[in-house]
Amino acid sequence: MRNFVSSFPLMLLVVLLLSTMVASAAETPSPSLIPKPASLEPGRGAFIVDAATAIRIRPGDTELKAVADYLGDLVFRSHGLRLPVTTQRGQGSVIELRHATRAGKPESYRLDVGRKSARISAHSREGMLHGARTFWQLIGRVDGKETLAAPALRIVDAPRFAWRGIMLDSARHYQSPEFIRSYIDWMALHKLNVLHWHLTDDQAWRLEIKKYPRLTDIAAWRVPAGRAAAANIDPATGQPHRYGGFYSQDEVRAIVAHASARGVRIVPEIEMPGHASAPLAAYPQFAASTQPPKDVPADWGIYSHVYAVDDATFDFLEGVLDEVMALFPDEWIHIGGDEVEKHEWAESPQAQARMRELGLTEPKGLQGYFTQRIGRYLQAHGRRLVGWDEILEPGLADNAIVMSWRGVEGAMAATAKGYDSVLSPWPTLYFDNRQGSGGDEPPGRLRTISLEDVYRFDPLPDTMTTEQAKHLLGVQGNVWTEHIRTEPRVGWMTFPRAAAIAEMGWSQPEHRDWNDFLKRLPGQFARYDALGIPYADSIFAVQMKSQYQAGAAQVNVTLSTQAALGDIHYTLDGSAPDAESPRYSGALKLTPPSQLHAAAFVGTQRLSRPRAFVLSANASLRRSSAELKLCSEDIALGLEDEAPLIGTRAIFHLDIQNPCWIFEQANLDGIDRIAAMTGDVPFNFQIGEATKKIKLATPETDHGELLVHLDRCDGPLIARVPLPALSATGPATVLSAGALQSQHGHHDLCLRFAQHGIDPMLAIDWVQLLPAEAPTEAN
Ligand code: ACM
């Protein structure tokens with residue numbers, strides 16, 4: 001073990017590596033801890049972690065042994081060093097885990113790191129786990145190869161809020177049990193402690209219920225929307241292959257045990273009385289309507305189907321909840337309650353009879369009755385009902401928890417009435433919104449909710465009184481997966497925004513500082529990389545804007561990142577940029593064809609994956625779907641094509657309520673044709689009356705046409721390009737080209753489709769303006 005003097009150069013390195021500040025000598029380095037602890041007192045020197053370091057626990061203490069193994073595993077997976085767990089005093093340095101003698105705040109811990117020993121102490125298992133995570137975050141390499149060290153310091157820490165959650169929608173798209181376990185691990189590393197698991201919805205039921213096997217035989221599966229899925233016939237049944245899956249009770253028990261070991265509570269959500277098409281397709285006898293859904297539907301949006309309000313239906317739901325409560329030991333059970341359409345109750349004689357019995361004049365009142373009845377059942381079993389903010393109606397059980405999603409108003413109203421509440425408001429804490437505008441963002445809602453937007457969300461509205469604030473349990477980010485089909489994309493949409501939720505939920509308000517958080521992010525990304533956590537690097541991803549001047553051989557290229565940290569370095573020879581590559585300091589003038597690779601760096605640490613940009617000779621005449629501007633943004637989506645079933649799918653940007661695009665400032669000199677790669681998407685959206693308002697031009701040919709208007713969408717029509725047929729089994733997008741009336745100068749072009757019906761809806765993959773004589777496929 002080195003003494004302080006001989007380790008001084010090492011300490012400088014520790015400071016450089018672990019510091020998040022570009023610190024002057026007088027400043028105290030602050031390690032890149034996320035979430036930021038309640039108090040941190042720097043010490044002198046560093047604790048070297050090497051092959052002689054052990055984790056020491058009390059003999060026979062299985063709880064501490066589990067935490068020690070957890071810490072050892074994190075260190076091994078991120079740094080390749082195995083730390084033995086011991087109960088003996090020895091020669092080397094030691095990380096001691098110890099129960100605190102005095103009780104403290106829930107989940108609190110204390111960390112004392114000296115030069116020879118480090119001690120993590122807590123009075124609860126949760127606190128112990130948090131302490132281990134913080135210690136793991138402190139460890140960094142100090143000589144580029146061998147030595148690991150943590151800076152000497154003292155941390156005394158506890159969370160601001162008890163509920164620091166992420167909601168994962170496993171109904172719209174299914175994730176494997178292995179993925180769910182990893183996801184819990186990733187959350188836990190952020191000190192996030194609630195997985196709100198959205199297990200049922202219109203499009204699927206994912207939980208095995210032994211008493212009602214059709215919930216998984218039938219309701220866990222659907223035929224995805226679109227021609228390709230319909231044509232994908234399963235030879236065993238002669239019917240289209242079904243998409244889906246469910247979690248068996250054994251799998252759920254393993255997941256719950258895993259979450260518990262990590263200190264994460266799982267709040268299962270079983271949606272009722274709406275968002276229930278899938279279970280009602282399996283058990284139509286429990287539907288309010290005499291025309292329940294025949295199949296599990298594949299549309300997104302809000303269906304009218306609701307459960308009946310008769311005793312048999314409540315028996316069914318109670319039977320389901322009995323098994324849910326047996327599987328999920330936590331007191332909180334979420335019953336949804338959002339977006340309940342009341343038409344089916346209004347039309348049901350049996351619901352009307354229930355209304356008369358209850359003295360209700362409006363079917364609306366039946367939701368209150370429904371929630372109260374289920375709430376009483378849960379309460380009788382020692383559980384607390386959680387629901388979306390629509391459950392806040394007179395008569396709601398006192399111990400219910402209201403999850404505020406329609407803004408923060410639900411939390412304001414609920415806490416004013418003395419109910420506990422969790423904030424997860426749309427749109428800021430909705431992680432189905434994309435977090436950047438780069439061309440490589442995965443599909444999602446096109447509204448940008450950046451990491452900074454999430455970070456700056458104030459979890460305690462100033463209009464909330466101190467009395468109300470006592471009922472605010474915490475905060476939660478919601479990962480709705482209609483447009484998040486794959487597991488890596490779930491990771492991308494969740495992280496690092498979950499790190500912002502973590503700090504919002506854990507750290508004291510005086511420690512919440514966006515610029516400071518930003519400086520700690522590279523350290524967080526390095527940890528994500530070390531553990532293989534899928535995440536979005538959108539915040540540091542380089543984006544390029546190019547400006548072509550008429551008649552000029554060179555193109556003006558500007559580079560930027562969402563957040564300004566570090567420097568952008570780039571190459572023009574196809575090689576990957578490093579910190580030695582030219583530094584970007586202002587607009588570049590490039591001569592096409594050329595290629596540019598760029599990434600952002602702090603010192604030698606690369607902050608984001610390099611991005612590649614190709615400037616082709618006539619790139620100014622081409623726009624991808626993502627580069628076209630939408631005419632409106634009512635329901636603006638980055639929507640993945642539903643085909644091909646295997647392989648890469650196009651991502652179309654469109655407003656499904658108004659499919660219309662603008663090619664801004666096109667240089668039309670010498671242009672006499674337009675080529676387009678187009679595809680189509682199933683119109684699988686339940687948006688009610690809004691569907692009737694979607695404007696589509698009348699086609700003149702069998703498969704419709706791409707229309708081009710000059711300057712404005714009601715300007716002169718300068719091209720009508722007939723489209724070829726799209727087949728179920730052929731390519732998912734097709735190329736077409738047609739004449740465009742000659743014009744001069746720069747103009748906006750408005751692009752729309754003339755098409756025979758709304759489903760499927762035509763969409764643009766890319767368009768290209770073509771000079772006279774250019775081959776159609778030129779790009
Ligand atoms: C919700 O987003 N419908 C809770």
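Listing for the model above:
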quantity	calculated
Any chance ARG456 is within 16 Å of the ligand (Cβ to nearest atom), exposed (fewer than 15 other Cβ atoms within 10 Å of the Cβ) and either within 30 Å of ALA563 (Cβ to Cβ) or among the aliphatic types (A, V, I, L, M) (or both)	no
Hey, ASP714 without any contact (Cβ under 8 Å) to a residue 60 or more places away in the chain, more than 25 Å from ALA650 (Cα to Cα) and open to solvent by 50 Å² or more (accessible area, probe 1.4 Å) or not	yes
Members of the range 637-667 found to be open to solvent by 10 Å² or more (accessible area, probe 1.4 Å) and within 19 Å of PRO297 (Cα to Cα), listed by number	LEU639, GLU640, GLU642, ALA643, LEU645
Residue in the range 344-359 that is open to solvent by 10 Å² or more (accessible area, probe 1.4 Å), closer than 19 Å to ASP202 by Cα and either away from the ligand (no atom under 16 Å from the Cβ) or modelled with pLDDT under 95 (or both) present	yes
Checking ALA502 against (1) within 16 Å of the ligand (Cβ to nearest atom); (2) within 17 Å of ALA162 (Cα to Cα); (3) in contact with a Pro (Cβ under 7 Å, 6 or more places away or on another chain), the condition it does not meet	(1)
Flag if SER260 is within 16 Å of the ligand (Cβ to nearest atom) and of a type in the set (Gly, Ala, Ser)	no
Top-ranked residue of the range 36-95 - restricted to ones that are acidic (Asp, Glu) and under 30 Å from the mean Cα position of the chain (by Cα), ranked as surrounded by the most Cβ atoms within 10 Å (Cβ to Cβ)	ASP69
Helices (runs of 4 or more DSSP H) within the range 225-301 that include 3 or more residues buried (at least 21 other Cβ atoms within 10 Å of the Cβ)	249-261, 277-282
Top-ranked residue in the range 98-123 [being open to solvent by less than 60 Å² (accessible area, probe 1.4 Å) and farther than 28 Å from ASP50 by Cα; ranked as modelled with the highest pLDDT]	GLU107
Residue that is most open to solvent (accessible area, probe 1.4 Å) [pool: residues in the range 376-408 that are assigned to a loop (DSSP other than H, G, I, E, B) and closer than 22 Å to ILE501 by Cα]	ARG406
Pair list, Cβ < 7 Å and 6+ apart or interchain, from the range 289-304 residues that are within 18 Å of GLY688 (Cα to Cα) to residues that are open to solvent by 30 Å² or more (accessible area, probe 1.4 Å) and among the charged types (D, E, K, R)	ILE302/GLU339; ILE302/GLU341; SER304/GLU341
Residue within the range 184-195 that is part of a loop (DSSP other than H, G, I, E, B), aliphatic (A, V, I, L, M) and more than 25 Å from the chain's Cα centre (by Cα) present	no
Residues of the range 189-218 classified as in contact with a Leu (Cβ under 7 Å, 6 or more places away or on another chain) and surrounded by fewer than 19 Cβ atoms within 10 Å (Cβ to Cβ), total	0
Scan of the range 21-70 for residues that are modelled with pLDDT under 95 and on the phi > 0 side of the Ramachandran plot, ordered by number	GLY45
Selection from the range 302-320 of residues that are over 17 Å from ASP201 (Cβ atoms) and either in contact with a helix residue (DSSP H, G or I) (Cβ under 7 Å, 6 or more places away or on another chain) or open to solvent by 40 Å² or more (accessible area, probe 1.4 Å) (or both)	ALA308, VAL309, ASP310, ASP311, ALA312, THR313, PHE314, ASP315, PHE316, GLU318
Among the residues listed as GLY505, GLY523, GLY474, GLY551, the single one being on the phi > 0 side of the Ramachandran plot and open to solvent by less than 50 Å² (accessible area, probe 1.4 Å)	GLY474
Spans of strands (runs of 3 or more DSSP E) in the range 63-175 with at least 1 residues among the aromatic types (Phe, Trp, Tyr)	109-113, 163-169
Test for GLU251: is it within 16 Å of the ligand (Cβ to nearest atom) and within 22 Å of ARG485 (Cα to Cα)	no
Residue satisfying all of: in the range 526-548; open to solvent by 10 Å² or more (accessible area, probe 1.4 Å) and assigned to a helix (DSSP H, G or I); nearest to LEU607 (Cα to Cα) among these	ALA526
Condition met for THR465 (β-branched (Val, Ile, Thr) and either within 15 Å of the ligand (Cβ to nearest atom) or touching a Gly at 6+ places or on another chain (Cβ under 8 Å) (or both))	no
Residue ID - farthest from the ligand (Cβ to nearest atom), chosen from residues in the range 409-450 that are surrounded by fewer than 23 Cβ atoms within 10 Å (Cβ to Cβ) and aliphatic (A, V, I, L, M)	ALA416
The range 398-408 - residue that is within 20 Å of GLY274 (Cα to Cα) and either more than 22 Å from the chain's Cα centre (by Cα) or without any contact (Cβ under 8 Å) to a residue 60 or more places away in the chain (or both) and, of those, nearest to the ligand (Cβ to nearest atom)	ARG406
Options GLY745, GLY679, GLY670, GLY704; residue that is touching a strand residue (DSSP E or B) at 6+ places or on another chain (Cβ under 9 Å), more than 29 Å from VAL296 (Cα to Cα) and either crowded, with 16+ Cβ neighbours inside 10 Å or at pLDDT 95 or above (or both)	GLY704
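The values are calculated or read from the model by the stated rules, or taken from the named source; none is laboratory data. The shown structure was predicted, so the numbers you read here are calculated from the model rather than taken from an experiment. FYI the Cβ positions are ideal-geometry reconstructions off the backbone, even for glycines, and counts take in every protein chain you see. With ligands, DNA and RNA removed, areas are computed over all heavy atoms of the protein, side chains included. Shrake-Rupley method; radii C 1.70, N 1.55, O 1.52, S 1.80 Å.
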